[in-house]
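Student: Before I ask anything, let me first share the structure, which is written out below as structure tokens.
All of the numbers you see were taken from the coordinates with simple rules; none came from a lab. The structure presented is a predicted model; accordingly, all values stated were derived computationally and were not measured. Note that we place each Cβ from the backbone using ideal geometry, even for glycine, and neighbour counts take in every protein chain shown.
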């Protein structure tokens, strides 16, 4: 059971992120080739011809990571200082920066809610205890919660800007699930027996229900209504899935070609399929490898890295292409080619994208280029 839970934990790491109480070590992180081609139309409503990215020079600072977007033109980045962490707001085009928040413990992760009105900061100064701090756009603390935990996984409710679902793990990988309501300053325990949940609507979560006694390649996808505490089967034999506001994305093996995934897009509220496409799959030892992806709700576009061919991940040398899928039209567009598969985080309007293991690079959707955001 422990072995299987660890497998599930690592399987979903790239998709949703698990927040360990250890500082981020990127010394062995691979670098992107930054090769690209231009294809498809350019968004006309971009920020303007006179806007140029001002790289953030942190060569003399202990850079941790770029945490998240503050708004369409500013990011929040984290600098470590003798066991403390400082979070700065940085404007990408003016180069102006200001202290946004300071903690007395290292910041491990941070994540904005759907409308970027709140930021959840995960800190820890102990291997067996974590603190979550919710702050608003003014940097004012709205809620603090401390929990006995070795690892944390959390997921903002995209339909309620004050709610976040949290799973706290102990060292033996046993876990407890919690719903934090920041507006009400209340934490509620839930007996949900799967740790990695995502939201389907304002009061329904979803999860893959893995067999605890087997190391499977796929699992059924279930929903769980938080008010009625009832469970329902959504899909059988799912490899992976991702849920965003008004969009559910599922990955399952095709019947004809076993090394290809059928990627299905659904409206979770209406339980209606919107589109689907096929994607080559790479095997990663005992599981299938799912590339990084993100969704821009305002544009109704899903962005994903896609391998050029099937094979084994450890011998695959062709890199990836960044592709967008328009949920309104079903149109596919290649954005960039010959890219490394690294995490993506699009700005709220979808015209810029943080890229890299520390979000240290920027993808410009107008010029279809990759630029260094952080010099360190």
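Student: Shape call for the chain from the C-alpha gyration tensor, a ≥ b ≥ c root eigenvalues: rounded (a/c under 1.5), prolate (a/b greater than b/c) or oblate?
Tutor: Note, shape of the chain comes out rounded.
Student: Can you give the FRET efficiency to the nearest 0.05 for residue 57 and residue 308, using r as the Cβ-Cβ distance and R₀ = 35 Å?
Tutor: Result of the calculation: an efficiency of 0.45.
Student: Then there's this: Given R₀ = 41 Å, FRET efficiency for residue 91-residue 328 by Cβ-Cβ distance, to 0.05?
Tutor: Result of the calculation: an efficiency of 0.85.
Student: How would you classify the range 197-286 from its alpha-carbon gyration tensor, with a ≥ b ≥ c the square roots of the eigenvalues: rounded for a/c under 1.5, else prolate if a/b is greater than b/c, otherwise oblate?
Tutor: Because a/c hits 1.5 or more and a/b fails to exceed b/c, the range 197-286 counts as oblate.
Student: Next question, about the same structure. Please work out the Cα center distance from the range 301-376 to the range 67-137, rounded to the nearest Å.
Tutor: 24
Student: Right, another one. Given a cut-off of under 8 Å on Cα pairs at least six residues apart, what relative contact order in percent is computed for the range 102-243?
Tutor: 12
Student: Return a whole-number percent for the relative contact order of the range 132-198, with Cα pairs under 8 Å and 6 or more residues apart as the contact set.
Tutor: 23
Student: While we're looking at this one, here's another question. Need one word for the range 273-376: rounded, prolate or oblate. Basis is the Cα gyration tensor (sqrt eigenvalues a ≥ b ≥ c); a/c below 1.5 gives rounded, then a/b vs b/c decides.
Tutor: It is oblate, given that a/c is not under 1.5 and a/b is not larger than b/c.
Student: With both bridge residues required to lie in the range 249-376, what share of the DSSP beta bridges run antiparallel, to the nearest 5%?
Tutor: 95
Student: At R0 = 45 Å, how high is the FRET efficiency between residue 187 and residue 217 if r is their beta carbon distance? Nearest 0.05 is fine.
Tutor: Using R0 = 45 Å, I get an efficiency of 0.80.
Student: Of all beta bridges DSSP finds with both residues in the range 2-375, what is the antiparallel percent, to the nearest 5?
Tutor: Antiparallel bridges: around 95 percent, rounded to the nearest 5.
Student: Quick one: compute the contact order of the chain, relative version, from alpha carbon pairs under 8 angstrom and 6+ residues apart, as a percent.
Tutor: Across the chain, relative contact order equals 15 percent.
Student: What distance in nm separates the simple spin-label points at residue 129 and residue 278, each placed 7 Å from Cα in the Cβ direction?
Tutor: 5.5
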